[in-house]
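The values are calculated or read from the model by the stated rules, or taken from the named source; none is laboratory data. What you are looking at is a predicted structure, and each value in this text was computed from that prediction instead of being measured. Note: ideal-geometry Cβ built from the backbone for every residue, glycine included; neighbour counts use all protein chains shown. Protein only, heavy atoms only, side chains kept; ligands, DNA and RNA dropped before computing areas. Shrake-Rupley method; radii C 1.70, N 1.55, O 1.52, S 1.80 Å.
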Amino acid sequence: MAHFEKANSLNEWMDQRIGLNTLKRVLNTEYWIPKDINFLWAMGMVLAATFGILVISGIFLLMYYKPDTNLAFDSVNYTIMAEVGYGWLWRHIHGIGASLVFLIIYIHMFTGIYYGSYKRGRELIWLSGMGLFVAFSAEAFSGYMLPWGQMSYWAGMVITNLFSGGSLEAYGLVEWIRGDYVPGDAYLTRFFMLHVFLIPLVIIGLIVLHFGTLRLPHVNNQEGAEIDFEEAADLWKAGKRKESKVIPFSPVFLSKDVFVMGVYFILFFYLVFYNFNFAMDPVNFDPADGLKTPAHIYPEWYFLWSYEILRPFSKDVGLIAFGIAQAALFFLPFIDRSPNVAPAHKRGLFKYWFWALIVIMIALTALGKLPPTDPLFATLGLIFAVAFLFMGPILFVITMFEKKIEKGA
Amino acid sequence: MRELKIFAVVVFFSLLTYWLVEPYAHHQMHMKVDKDGKEIVIKSHGFTYDGTDDIAEAERKGDAALVTKKKAFWADVKTVAALKGNAAAGETVFANCIGCHNGANINMGGVIPPNLDHSGAIYDKNYLIALIKDPAMAGNVDHKYADTSLHPMGSIKFTVSDNQQIADVVAYMQEKKAGEVTPKEAFTEACVRCHAVRYTKTTQLGDTPKFKHKKDELAHEIKVIEEQDLVKAYMGNLPPDLSMMIRARGEHFMETFIENPQGQLAGTSMPRVGLNQEGYEKVKEYLTEAGDPSKKAREQLGPWVIGFFVFFTILAFLWKKSMWRDLH
Ligand code: HEM
């Protein structure tokens with residue numbers, strides 16, 4: 001048995017038992033962040049906060065939701081929206097949160113790409129981040145099934161159909177996933193389990209991993225400068241705040257995070273109260289009807305770009321293209337051969353590659369929703385999908401020839 | 001400042017994406033085009049009826065006989081509208097109506113004829129004239145009938161055929177069958193013969209009573225199903241439950257659809273209902289209460305929550321300023 005002194009304060013009592021002060025130091029006051037960063041570096045904490053909001057609002061919804069094809073729609077749209085006090089508020093918060101989390105994830109990812117934050121020691125940050133992206137996608141999709149509206153049903157039908165593997169005709173697999181020939185009760189209850197238990201668990205694990213992978217390489221900075229963190233930290237501790245290149249996460253960086261979160265929450269709640277249709281599709285307020293196919297079936301906006309990579313091709317080619325597109329993002333740190341960790345505007349051709357990627361992703365997102373019956377949209381969809389597929393090889397080639405930037409002192 | 005420039009770039013691309021996937025994509029998805037590919041703009045006429053839509057539709061179909069028929073019909077309506085109606089004389093004509101509109105809750109040719117207690121208040125005058133002249137033409141569902149007098153109310157054009165009589169009975173309704181209307185009354189008279197609203201426990205038979213005995217409840221359920229079968233036989237399919245309709249369809253769709261269902265859903269069996277502006281507002285209020293009851297609370301709470309976060313952000317900004325003051 002270890003020796004314990006009588007503690008004089010709660011803080012001390014806790015410190016003796018779980019090393020509270022060490023924890024605070026490691027996670028907060030001596031977790032060093034480069035000074036030369038902008039608000040884009042707050043997106044990670046914004047994501048963490050949004051995840052928290054999703055969990056809390058989700059718990060409230062879970063108290064009244066009924067995972068049964070006969071009851072689900074009304075338990076959401078009547079019990080929660082009309083009978084439970086402020087049920088509508090939690091639902092709107094949950095819906096807006098689920099949509100905005102993807103906006104912020106995309107901003108966060110593009111920030112990583114722009115500043116080259118996935119290279120030279122930061123590969124695992126990227127890989128765990130992609131793990132989070134996949135987990136959030138699964139979480140969003142499974143959640144979208146729960147209200148059992150028209151879009152839940154038909155988007156579920158279309159997406160699970162993908163698992164038939166085109167000409168492989170693996171309908172057995174599709175039925176295994178659905179637990180039935182078509183989406184039904186077994187399907188709903190298993191997606192319910194995934195949405196409220198298994199996937200959130202995985203997400204929490206991945207967030208811990210993601211934070212862990214950040215610890216040794218530290219976050220990048222606006223110039224991609226290599227920083228001697230120990231030296232800079234010593235300067236800070238010696239009171240040379242101006243000279244030091246770093247700041248502690250808490251309270252200095254945190255104060256900025258909180259300010260950025262404030263701005264974000266203004267937008268968030270504006271959408272919750274006044275502009276929610278983009279996140280809560282009106283079509284999903286029609287109850288699921290397996291006999292009535294909606295005129296337009298489309299996924300939520302954040303899946304549109306992948307959907308559009310699938311759509312313009314024949315069945316098999318589309319599936320392969322889709323698979324490649326998803327996998328390619330994971331391998332980004334290894335496709336990028338450049339020795340430089342620097343912002344895109346300092347990296348020659350990479351700069352153009354980056355903005356081309358943004359344009360292609362946005363174009364694909366728009367075309368994923370526009371009706372492909374219009375020949376112009378169909379052609380554009382094909383062009384941008386092919387362009388997206390070429391972006392990988394192009395990145396490989398241009399970064400191979402990228403000149404090493406000599407960093408001044 | 002660099003940070004503001006970066007912020008502007010992020011905002012620009014986010015808004016561009018929003019505009020593309022929301023307003024633009026939805027416009028493209030729901031756009032109606034004629035056979036030359038020209039866009040058909042569907043807009044509301046403020047709940048007045050003069051046949052403009054019906055004639056334009058017939059013209060687009062390229063059916064000259066139909067165009068002539070529609071034009072003649074609505075010109076007739078206009079003639080009657082110009083007559084001065086005599087409410088006292090109208091009362092006797094109205095006796096023709098209550099044979100069917102008798103409040104007995106008995107299905108007639110597909111639906112239960114609605115209660116007319118507020119018909120003068122919720123329906124447009126021109127529409128009422130058109131309805132009595134020829135219900136199928138007024139509802140823009142004449143394509144369903146080889147002979148429009150086969151409409152469940154179609155025989156009216158033989159019993160009340162004189163223009164002055166029509167003007168009189170309409171004047172009577174506008175004077176005596178008007179007055180204050182509650183949203184529930186407007187909705188019941190205009191929509192309930194076809195549509196159920198389970199969130200307000202309303203079926204095609206009206207309000208669902210409370211039952212003491214399971215047996216009575218089941219008996220009522222059977223009566224509802226039987227009624228729905230009749231409506232289904234009349235309409236081709238069961239009109240959808242309207243509980244969540246106010247959120248499932250936008251404001252614009254609802255307005256233009258009620259004014260002229262054919263414009264939004266070509267070939268649909270739902271007839272035009274002929275509500276005037278007031279009638280529509282009441283129906284909308286009812287549907288909002290059923291399907292979007294939090295609307296008021298949202299509008300009340302919104303400014304407070306947003307105000308709180310504006311305040312929070314200002315404080316956070318001051319904190320950040322003080323923390324970062326001596327860093328550079
Ligand atoms: C909800 C999910 C996520 C959470 C909670 C999260 C959280 C964070 C946090 C707190 C940071 C440090 C602060 C910052 O630089 O913003 C960070 C950094 C990072 N994240 Fe994430 N992240 C998530 C998803 C992702 C995804 C999907 C990716 C990309 C695949 C990603 C890639 C990165 C990278 C590359 C960094 C390092 C940035 C740098 O070094 O400058 N993260 N994340």
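Computed over chain B, relative contact order equals 20 percent, with contacts defined as Cα pairs under 8 Å that lie 6+ residues apart. Once you mark the trypsin sites (Lys or Arg not before Pro) that are in a DSSP loop and have at most 16 other Cβ atoms within 10 Å, what is the longest gap between them in chain B? Result for the longest clean stretch: B:85-200. With unit charges on the beta carbons (Lys and Arg positive, Asp and Glu negative) and the dipole taken about the Cα centre of region A:105-195, which residue among A:114, A:130, A:172 sits farthest to the positive side? Of the candidates, A:114 comes out farthest on the positive side. Summary: within chain A, the longest segment free of chymotrypsin sites (Phe, Trp or Tyr not before Pro) located in DSSP loops with at most 10 other C-beta atoms within 10 Å is A:182-400. Rounded, prolate or oblate for the protein assembly as shown? Axes are the square roots of the Cα gyration tensor eigenvalues, ordered a ≥ b ≥ c, and the cut-off for rounded is a/c under 1.5. Judged from the Cα gyration tensor, the protein assembly as shown comes out prolate (a/c at least 1.5, a/b above b/c). So how tilted is helix A:349-369 from the main axis of chain A? Cα-based, degrees 0 to 90, rounded to 10. The angle comes out at about 30 degrees.
Going by alpha carbons, how many degrees (0 to 90, nearest 10) lie between the helix axis of A:254-274 and the longest principal axis of chain A? The two axes meet at around 20 degrees.
Straight-distance candidates among the aspartates and glutamates for linking to residue A:256, with alpha-carbon spacing under 14 Å and chain neighbours fewer than 8 residues away dropped: A:36, B:3. Could you let me know the centre-to-centre spacing of region A:346-409 and region B:80-115, using Cα atoms, in angstrom? Region A:346-409 and region B:80-115 have Cα centres spaced 68 Å from each other. Quick check: the distance between the Cα centres of region A:1-29 and region A:307-332, to the nearest angstrom? Region A:1-29 and region A:307-332 have Cα centres separated by 52 Å. Modelled label positions at residue A:169 and residue A:383, each set 7 Å beyond Cα in the direction of Cβ, lie 3.8 nm from each other.
Length gained on full extension, residue B:79 to residue B:314, computed as 0.36 nm times the residue gap minus the Cα-Cα distance: 78.0 nm.
As a ratio to 2.2 N^0.38 Å, the alpha-carbon radius of gyration for region B:109-165 is 1.12. Work from the charge dipole of region B:26-135 (Cβ charges, +1 for Lys and Arg, -1 for Asp and Glu, about the Cα centre) and give the residue of B:111, B:47, B:37 farthest towards its positive end. Result: B:37. With respect to chain A, whose longest principal axis is taken over its alpha-carbon atoms, helix A:87-114 is tilted by about 60°. Using a 1.4 angstrom probe on protein heavy atoms only, the contact between B and A buries about 5200 square angstrom of accessible area, both sides summed. The three principal axes of the Cα atoms in region A:298-409 give end-to-end lengths of 57, 23, 22 Å, sorted in falling order. Rounded to the nearest 20 debye, the dipole size of chain B about its Cα centre is 1040 debye, using +1 on the Cβ of Lys and Arg and -1 on the Cβ of Asp and Glu.
Over 25 Å between Cα atoms, which of A:66/B:212; B:157/B:177; B:71/B:157 qualify? Those over the limit are A:66/B:212. With R₀ fixed at 30 Å, the C-beta to C-beta distance from residue B:218 to residue A:189 puts the FRET efficiency at about 0.55. Mean per-residue shielding of peptide B:241-253 is 4, counting Cβ atoms of other chains within 10 Å of each Cβ. Treating r as the C-beta distance of residue A:401 and residue B:150 and R0 as 60 Å, the FRET efficiency rounds to 0.15. Taking a straight line from the alpha carbon of residue B:214, these lysines sit under 22 Å away, with near neighbours fewer than eight places off in the same chain left out: B:201, B:223. Partners of residue B:84 within straight-line reach, counting aspartates and glutamates whose Cα lies under 19 Å from its Cα and excluding those fewer than 8 residues away in the same chain: B:50, B:76, B:124, B:162, B:168, B:175.
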